Number of protein chains: 2
Amino acid sequence: MASLGVHVKRHKVTIVGSGNWGSTISKVIAENTRAYPQLFEEEVQMWVFEEQVTIPKTSRHFDAGSELCITPQPLSLIINRLHENVKYLPGITLPSNVVANPSLPDAVKDSTILIFNLPHQFINRICESLHGKILPYARGISCIKGIEVDESGVTLLSEQIGRKLGIYCGALSGANIASEIAQGKWCETTIAYDPPLMDSRHPTPIGTPHGGSPSASTINLVDPSGEPRKRSARLTPLPADYPPLNHENVRHLFHRPYFHVQMTSDVAGVSLGGALKNIIALAAGWVDGLGWGDNAKSAVMRIGILEMVKFGKTFFGDTVHTSTFTEESCGVADVVTSCMGGRNFRCAKMSIERCMSIDEVERLELNGQKLQGTSTAVEVNLLLRGRGMENDFPLFTAVHNILQGNVKPEQIPELIEPKDS
Amino acid sequence: MASLGVHVKRHKVTIVGSGNWGSTISKVIAENTRAYPQLFEEEVQMWVFEEQVTIPKTSRHFDAGSELCITPQPLSLIINRLHENVKYLPGITLPSNVVANPSLPDAVKDSTILIFNLPHQFINRICESLHGKILPYARGISCIKGIEVDESGVTLLSEQIGRKLGIYCGALSGANIASEIAQGKWCETTIAYDPPLMDSRHPTPIGTPHGGSPSASTINLVDPSGEPRKRSARLTPLPADYPPLNHENVRHLFHRPYFHVQMTSDVAGVSLGGALKNIIALAAGWVDGLGWGDNAKSAVMRIGILEMVKFGKTFFGDTVHTSTFTEESCGVADVVTSCMGGRNFRCAKMSIERCMSIDEVERLELNGQKLQGTSTAVEVNLLLRGRGMENDFPLFTAVHNILQGNVKPEQIPELIEPKDS
């Protein structure tokens with residue numbers, strides 16, 4: 001508990017985003033800022049994209065006769081008055097120290113910890129708005145699943161946020177469903193946090209980072225066709241009057257009795273898990289739809305996890321740890337959950353049962369929402385094909401070829417069959 | 001394909017056992033002895049515990065008017081006439097090169113490969129009957145799941161067979177359901193096979209074994225309270241006129257397009273997986289019965305797999321590989337399958353849903369059969385408690401304490417919560 005020692009300042013925390021997942025994380029965080037007053041300011045800011053809402057029936061405060069249920073009011077106002085995000089997390093009481101704030105610059109003012117929890121497509125716009133508004137020594141954690149993949153390589157969302165804002169940004173990912181966590185149903189998550197160690201007199205990283213592995217901020221992106229792409233960040237050190245933001249203290253901010261946190265230094269591994277699992281879930285859905293049973297499904301998961309490891313090592317080198325995929329919530333557990341009942345799994349399974357294309361199932365079942373597995377499979381294939389590596393990832397390649405109509409799900413075993421040793 | 005070179009002799013294979021799993025494996029093996037005539041004699045012997053049976057309705061040969069469906073006949077005779085094990089694997093055609101043999105000494109005569117596939121409780125008796133009847137240089141593979149655990153330590157069934165017969169015996173385990181494999185539904189399995197390298201002039205193992213790790217036959221059993229328990233086997237080398245029994249050739253005997261085989265050297269890891277997964281499946285069943293959702297279930301699996309790794313390393317030292325549990329079919333995939341719908345999982349889930357003890361559920365649902373998870377949990381706890389190691393295995397210990405009525409399934413998260421780092 002050395003890191004709990006007395007410091008002049010305490011960390012102020014802002015959640016950037018207030019949807020279902022953002023509101024859930026704000027509940028978790030606000031419980032912990034109360035539990036660790038030596039480390040954190042009690043009040044947690046939650047930036048709310050303002051909209052006019054009425055209280056729905058699913059809210060604890062629904063009352064057909066009440067004015068709030070008839071006349072739309074600003075969402076931030078309702079959250080602060082009722083301590084419930086009636087639109088995105090109805091039925092759940094938020095701690096009273098969560099303060100909804102519709103002004104982004106005001107919400108992040110003086111915050112040393114920024115937790116990003118908003119849809120992928122808003123990242124760029126929000127980062128632009130934040131520019132110059134945040135503390136130069138703020139630290140971020142991205143709770144946004146997904147990666148950006150194209151022919152040129154893989155970009156992590158946490159990296160993207162960190163680069164745009166000039167701060168260090170870690171990542172959280174795991175087998176998590178927001179509404180279950182909000183209800184206090186137990187699950188686990190993985191947080192990757194690994195800022196470079198810095199000499200506080202100079203605003204540049206020096207030496208080796210926590211955990212002994214190269215820092216995500218100075219990560220060596222291995223380009224299989226050429227030289228390592230070394231990126232070095234110029235970070236402003238956290239002033240010494242704040243408690244250090246080491247693994248122990250970051251864990252204190254997120255860990256709850258119903259939300260168990262493992263800390264790691266492998267930002268790339270944690271981020272890849274949340275994206276690549278969707279490709280595996282498609283294969284698991286097809287296999288299940290074919291009636292091949294649980295053993296075939298678990299074989300698909302096993303092989304998928306090993307392709308994730310290989311993908312990580314290929315594109316991020318040894319900064320990626322095998323164990324992130326095989327032993328952490330963001331790896332094996334998230335794959336298992338996604339292959340038991342996730343959206344990609346269910347749509348792939350239905351596509352077999354109803355003899356439809358998966359695009360048709362998506363259109364009929366998802367009410368305008370999009371499957372992530374199908375687009376990730378296409379993007380990953382673009383990258384692999386461009387480097388002549390399709391055969392090194394037979395499951396990812398099989399999924400892409402099934403989506404393209406080149407092969408059938410029934411061929412999965414032969415497509416991924418290991419050749420004679 | 002160096003190992004496919006011409007040798008004077010070919011391996012003769014016997015399956016010791018002809019139940020559901022034994023008959024399924026005989027089908028797999030007999031297809032491969034036909035596919036690799038340079039390595040194996042085509043005919044596969046299958047020892048049958050003789051009994052008088054009539055053809056049931058589930059058989060492909062059922063005909064209400066037929067004599068065979070009215071008057072009992074010896075099972076071996078029916079198998080050899082109809083190429084179907086009408087009692088234990090009805091509806092599946094066995095290759096005609098599977099020869100059922102009710103005489104154990106005759107079935108194993110001149111066989112260089114013995115595949116053990118019979119209920120746990122018959123091992124001792126069968127090994128006694130085999131004594132002096134087998135080739136001194138025969139090799140075994142045990143397909144029997146389970147381990148023997150008591151206060152003094154862990155004994156692998158493959159070790160037990162090998163020691164009693166004075167031969168080397170490997171192990172097969174995976175996410176496998178016999179009837180699905182028999183129908184050609186795709187799955188995977190893991191085979192651990194690692195006999196010591198031997199100088200063929202001397203019937204004692206020398207040097208390092210295949211794979212570079214200590215051989216299972218000269219395994220260092222680490223006794224946490226004392227000295228390593230070194231066991232050294234005196235094996236008779238396989239004569240040079242047989243094709244070598246290396247990983248490549250053992251894989252040829254088992255691998256099929258619908259039954260993918262990974263080879264490993266880690267006999268202890270492969271054997272432990274098949275037994276310890278049943279403890280994990282109980283916890284997953286309780287959590288599912290409580291309605292905590294897939295994320296809680298996948299968290300239980302993840303933690304269980306890591307306790308398996310620790311158990312293996314504690315009691316077998318570094319001969320056990322982490323990857324056997326985290327990356328192979330006998331580890332992660334078998335855990336996942338068992339936690340999705342296995343018998344231990346289902347009974348534990350029902351015990352919550354019906355507010356019954358698991359023993360009651362077992363009595364009502366299993367028709368006299370026994371849950372393996374409950375007895376394994378008790379045995380493992382006896383071992384751990386005796387060494388003061390209960391706290392090192394919080395999930396295994398929680399399962400035992402729930403079974404004993406000391407704690408409730410609802411307490412699982414707090415019981416396994418990692419302490420502050």
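Numbers at a glance
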{"read-out": "So B:L282, is it modelled with pLDDT of 95 or more, closer than 30 Å to B:P409 by Cβ and touching a Phe, Trp or Tyr at 6+ places or on another chain (Cβ under 8 Å)", "value": "yes"}
{"read-out": "Residues (in contact (Cβ under 8 Å) with a residue 60 or more places away in the chain and among the polar types (S, T, N, Q)) located in segment A:393-409", "value": "none"}
{"read-out": "Any hit, segment B:128-142, residues being under 19 Å from B:K27 (Cβ atoms), surrounded by 22 or more Cβ atoms within 10 Å (Cβ to Cβ) and not β-branched (V, I, T)", "value": "yes"}
{"read-out": "Considering residues of segment B:159-192 that are among the small types (G, A, S) and in a strand (DSSP E or B) only, the residue surrounded by the fewest Cβ atoms within 10 Å (Cβ to Cβ)", "value": "B:G170"}
{"read-out": "Test for B:S59: is it over 30 Å from B:T236 (Cα atoms) and in contact with a strand residue (DSSP E or B) (Cβ under 6 Å, 6 or more places away or on another chain)", "value": "no"}
{"read-out": "Of all residues in segment B:266-316 being surrounded by 24 or more Cβ atoms within 10 Å (Cβ to Cβ) and among the hydroxyl-bearing types (S, T, Y), the one that is nearest to B:P196 (Cα to Cα)", "value": "B:S271"}
{"read-out": "Only listed residue being surrounded by fewer than 19 Cβ atoms within 10 Å (Cβ to Cβ), of a type outside the set (G, A, S) and within 25 Å of the chain's Cα centre (by Cα), chosen from B:E67, B:E41", "value": "B:E41"}
{"read-out": "Residue match in segment A:351-359 (condition: touching a Cys at 6+ places or on another chain (Cβ under 9 Å) and either more than 13 Å from every other protein chain (Cβ to nearest Cβ) or closer than 26 Å to B:V261 by Cβ (or both))", "value": "yes"}
{"read-out": "So B:E84, is it closer than 21 Å to B:E50 by Cβ, in a helix (DSSP H, G or I) and acidic (D, E)", "value": "no"}
{"read-out": "Tally of residues being in contact (Cβ under 8 Å) with a residue 40 or more places away in the chain, closer than 16 Å to A:N101 by Cα and assigned to a loop (DSSP other than H, G, I, E, B) across segment A:20-67", "value": "3"}
{"read-out": "Number of the exception - B:F311 against (1) closer than 22 Å to B:G405 by Cα; (2) more than 8 Å from every other protein chain (Cβ to nearest Cβ)", "value": "(1)"}
{"read-out": "In segment A:398-413, the residues that are among the aliphatic types (A, V, I, L, M) and in a helix (DSSP H, G or I)", "value": "A:A398, A:V399, A:I402, A:L403, A:I412"}
{"read-out": "Residue pairs meeting the criteria (Cβ under 7 Å; at least 6 apart or on separate chains; first within 14 Å of B:M308 (Cβ to Cβ), in segment B:375-389; second of a type in the set (D, E) and surrounded by 15 or more Cβ atoms within 10 Å (Cβ to Cβ))", "value": "B:L384/B:E390"}
{"read-out": "Sole residue being out of contact with any Lys or Arg (no Cβ under 7 Å at 6 or more places or on another chain), more than 16 Å from B:L114 (Cβ to Cβ) and of a type in the set (D, E), chosen from B:E43, B:E31, B:E51", "value": "B:E51"}
{"read-out": "Condition check for B:E362: surrounded by 15 or more Cβ atoms within 10 Å (Cβ to Cβ), among the acidic types (D, E), touching a residue at least 24 places away in the same chain (Cβ under 8 Å) and away from chain A (no Cβ under 14 Å)", "value": "no"}
{"read-out": "Boolean, B:N367 is in a loop (DSSP other than H, G, I, E, B), over 28 Å from B:G153 (Cα atoms) and away from every other protein chain (no Cβ under 14 Å)", "value": "yes"}
{"read-out": "Set A:A377, A:A348, A:A333: member being within 14 Å of another protein chain (Cβ to nearest Cβ) and buried (at least 19 other Cβ atoms within 10 Å of the Cβ)", "value": "A:A333"}
{"read-out": "Residue in segment A:380-421 that is nearest to A:M350 (Cα to Cα), counting only those that are among the polar types (S, T, N, Q) and buried (at least 20 other Cβ atoms within 10 Å of the Cβ)", "value": "A:T397"}
{"read-out": "Which listed residue, of B:V287, B:V335, B:V270, is more than 30 Å from B:K9 (Cα to Cα), in contact with a strand residue (DSSP E or B) (Cβ under 6 Å, 6 or more places away or on another chain) and β-branched (V, I, T)", "value": "B:V270"}
{"read-out": "Residues of segment A:317-326 that turn out to be at pLDDT 95 or above, farther than 12 Å from A:K277 by Cα and either hydrophobic (A, V, I, L, M, F, W, C) or surrounded by fewer than 24 Cβ atoms within 10 Å (Cβ to Cβ) (or both), as a count", "value": "5"}
{"read-out": "Only listed residue being crowded, with 22+ Cβ neighbours inside 10 Å, of a type in the set (A, V, I, L, M, F, W, C) and either modelled with pLDDT under 95 or farther than 29 Å from B:E379 by Cα (or both), chosen from B:F254, B:F259", "value": "B:F259"}
{"read-out": "Answer from A:M308, A:M301 - the residue that is under 26 Å from A:C169 (Cβ atoms), hydrophobic (A, V, I, L, M, F, W, C) and either modelled with pLDDT under 95 or out of contact with any strand residue (DSSP E or B) (no Cβ under 8 Å at 6 or more places or on another chain) (or both)", "value": "A:M308"}
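The values are calculated or read from the model by the stated rules, or taken from the named source; none is laboratory data. Please read all numbers here as calculations on a predicted model, not as lab measurements. Cβ atoms come from the backbone with ideal geometry, glycine included; neighbour counts cover every protein chain shown.
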